[in-house]
Amino acid sequence: MMMMMAPPSATSTTQHLVYGNSSENPKESSVSTTLCLSSCEDRKKRKRNHDDPPKVSCSQSDNKLTRKERKTKRLRSLSSEERETDEWYGVSTELTLFKDPWILKKVLTTSDLGPLSRLLLHTRPIEDHIIKYLNKEDQIKVHEGLGITVDVYDHDTDSTFQLLLKRWTTLNGYVLNGGWRMYFVRKRCLRKGDKIGLLWDRFASRLHFRVLSRAQEP
């Protein structure tokens with residue numbers, strides 16, 4: 001068998017291998033040595049992808065949100081337990097969409113401003129929002145009437161005073177005394193009809209105080 005190789009053509013980079021006495025079609029036996037320098041991706045497909053419109057997100061970027069909108073978005077993403085912790089920790093005075101931070105409220109009466117120097121508080125709110133967060137030893141002291149000393153932070157004057165929290169068995173309630181008349185009634189010029197708010201910060205173990213509204217002039 002005799003094999004001949006055709007000389008390479010000057011105008012083509014395709015070489016043909018021709019086999020003697022072979023019935024094969026030379027075109028079927030051709031081997032291409034042409035290099036493909038461009039992407040093998042289909043041109044029609046590439047063009048179609050190029051013409052596709054860019055994907056646009058409909059969600060607003062956090063950078064374009066206001067401070068209040070970012071805070072609202074973050075709070076909505078929290079679970080109920082995380083949200084409660086976030087609201088209680090640090091005590092924020094900013095407007096919240098979820099709850100009024102001043103849970104314990106009272107309109108002052110004549111007995112709250114008298115010489116006995118004590119603020120009378122109802123039993124159920126105090127037990128739900130203060131007593132249950134105290135340790136066992138302090139709970140026993142409060143219930144037995146011995147009382148415990150608590151820090152009371154006045155938001156309006158940015159000052160802290162110490163008062164005594166204890167159970168008043170004869171009135172079936174709780175009282176704050178030991179300086180209530182000196183530090184709050186006189187210092188804040190409290191009068192009958194003034195509305196105050198209290199909040200127990202269980203993380204810092206202290207009470208927060210604020211005058212919410214003043215009684216109207218007679």
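Worth pointing out:
- Simple label model, 7 Å out from Cα along Cβ direction - ASP158 to TYR133, nm: 2.4
- Exceeding the 19 Å Cα-Cα cut-off - candidates LYS106/LYS192; LYS132/LYS166; LYS141/LYS166; LYS166/LYS195: LYS166/LYS195
- Solvent-accessible area, 1.4 Å probe, carbon plus sulfur percent, for the range 164-218: 49
- Residue-wise HN-Hα couplings along the range 171-179, as the Karplus relation 6.51 cos²θ - 1.76 cosθ + 1.60 with θ = phi - 60° gives them from phi, are 9, 6, x, 10, 9, 10, 9, x, x Hz; Gly and Pro carry x.
- Compared with the direct C-alpha span, the chain from PHE203 to LEU146 gains 18.2 nm at full extension, assuming 0.36 nm per residue.
The values are calculated or read from the model by the stated rules, or taken from the named source; none is laboratory data. Keep in mind that what you see is a predicted model, and the values were worked out from it rather than measured. All Cβ positions, even for glycine, are placed from backbone atoms using ideal geometry, and neighbour counts span all protein chains on display. We work out accessible area using only protein heavy atoms, side chains counted, and drop any ligands, DNA or RNA first. Shrake-Rupley method; radii C 1.70, N 1.55, O 1.52, S 1.80 Å.
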